[in-house]
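Read through the structure below, which is laid out as structure tokens, and then see the notes.
The numbers here are math on the coordinates, done by the rules we state, and not lab data. It should be emphasised that the depicted structure is a prediction, and the values quoted were computed from it without experimental measurement. As a convention, Cβ positions derive from the backbone with ideal geometry for all residues, glycine included, and neighbour counts pool all protein chains shown.
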Amino acid sequence: MRKSGNKWKIAVLAVVAALTIGFVGAGDKDFEMSKNLDIYHTLFRELSIYYVDEIDPGDLVKKSIDEMLKTLDPYTEFIPESAIEDFRIQTTGQYGGIGAMIHNKGKYVEIVEPIADAPAHLAGIKAGDIIKEIDGRDIADINQDDVSELLKGEPKSKVTLTVETPYTGQTRKVDIVRQKIKMKSVPYYGMVADGIGYILLTSFTDKCTQEVKDALLSLKKDNQIKGIILDLRKNPGGLLNEAVSISNIFVDKGSEIVSTKGKVKIWNKTYYATSDPIDTGTPLAVLINSRSASASEIVSGVIQDLDRGVIVGTRSFGKGLVQTTRDLSYNTKLKLTTAKYYIPSGRCIQALDYSHRNKDGSVGKVPDSLITKFQTRVGRDVYDGGGVLPDVKVEPEMMSDIAVSLYGKNLIFDYATLYAQKHSSISEPGKFRISDEDYADFTNFLSDKDYDYTLESEKIIGDLEKAIKLEKHSNSVESELEQVRAKLSHNKEADLQLCKSEISYLLQEEIVSRYYFQEGRAIALLQNDSTLVKAIEVLNNPTEYKRLLSPQNNEKQQENN
């Protein structure tokens, strides 16, 4: 009984710590805090003693904390002791394990992609392999997060997997010695056109600045560089200090990079470029899209505000909030939003207003009436209130309905697994193409697979039909609706041929990754990239590049806004 009592007391202490951390106040605020903590403590005690069934104190408190933090913003979160390792991996990109990405497939988990030269790859594990047992334990119906924890462990420790090879049904035991795994923040860099260097940065983890520096110096050493492309698309951000350091690679020492401003004034800080840059003169293009967030927006915003380069793509995500991690008791942490960041022009790119929720609890974007105009160093107009707007806008190409279905149902992935079993090697990533014979084989592979889908036009017809029935007009237009439906209805076999080019690119990307891993996937993705093509075009046109970075570009920027 004493053990149970201690358990719930510890749980309550965790809540108290989470509630009081960073609290500054006096008088009425102090009283309200004390009163509500006492209510919570007594409520929890009564539940623990008198509730009809046994309760798990830790689980109950974790849920109550999570629900409380949901009322704030999506980035303020409680990190229990059990999740500390995952948190460390997110910030450092390092962990002890076998080096493989997994996802659920049926009752088991499937290897999505082994990391090149990591223990899993070196032990012969391939994408598509199904893990059936870990150290003799059947893992049927265990979710991928729990399986991931079983695969992780101290470097040099051994784990034995029972693995099933797809399509053959053969199983084998594989002994793997775990090692320290470091995920690359720069999975690929290289030349994408004559004189144009390209660097792909996928995350802002610890020491990613060094990876970018090494890539840039390598490109400059081996090539005559007349333009640089830094790709931040789909980069969700990460460490603020790394964003500052990466900006410093391209801007002069002493330049203001970003400032943070919040409620606790002593935490407000302005960050400057403190090191000598590597390159401040070579024309630079930064690629962004709607999934470029946080640290990605600092870097792209700095490059834009200081007129160091052009931004190409689509509007970024719009996360201008700063998180600080605070230590709590019993090896737990609280990651909380403490400030907003402001880039050199003075603008904040935060898009959503979490401090003023609607009555239904939802949040809205910063209204147009509150969007403010700022200016870059040379006087170009830029705006706050919703991410970084590109200097050159390139609309993303939308995937067809059939491609979305094939991709979402993992049929592209499954065929790549089968293809890799049949072909011991392929040509290098930039040259590999899906042949007509390969595509015919793929369509044959699909013959007994379920990948049906509903076109957007078919959805609209369905909605129209429901509305007409409600309005009692169905009899008069029923035949006309059927004629339209028949004309719009899709034919899967016909759509496979109509969208052959698009689907072939998806197949190429997935198949290339089986032989050349993340680097190969990155190269394959660049083969049909309209945003990359536009960036190369701008960097190859000094007159256009100069015009985009001049105040005369203001009218175009305002249209983009």
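Counting Cα-Cα pairs of the range 279-407 in 10 Å increments starting at 0 gives whole-percent bin shares of 12, 34, 29, 19, 7, 0. For the chain, the mean residue ellipticity at 222 nm estimated from helices alone is -13000 deg cm²/dmol, where every DSSP H run of n ≥ 4 contributes -39500 (n - 2.57) and the total is divided by all residues, rounded to the nearest 500.
The range 333-451 gives an Rg/Rh value of 1.20, both radii derived from C-alpha positions and Rh following Kirkwood.
The rule of thumb for compact globular proteins, 2.2 N^0.38 Å, goes into the C-alpha radius of gyration of the range 95-182 0.96 times. Considering the chain at the alpha-carbon level, its Rg and Dmax are found to be 27.2, 79 Å. From the convex hull of the Cα coordinates of the range 188-396, what is the mean projected area in square nanometres? The directionally averaged projection comes out at 13.9 nm². When the Cα atoms of the range 311-385 are aligned to their principal axes, the ranges along those axes come out at 52, 33, 22 Å in descending order. Other residues within the sphere of radius under 12 Å centred on the Cβ of residue 439, judged by their own Cβ, net out at -3 (K and R +1, D and E -1). A simple spin-label model places pseudo-atoms 7 Å from Cα toward Cβ; at residue 72 and residue 28 they are separated by 2.3 nm. Any chance you could tell me what percent of the C-alpha pair distances in the range 40-96 go past 14 Å? In whole percent, the share of Cα-Cα pairs in the range 40-96 beyond 14 Å is 67.
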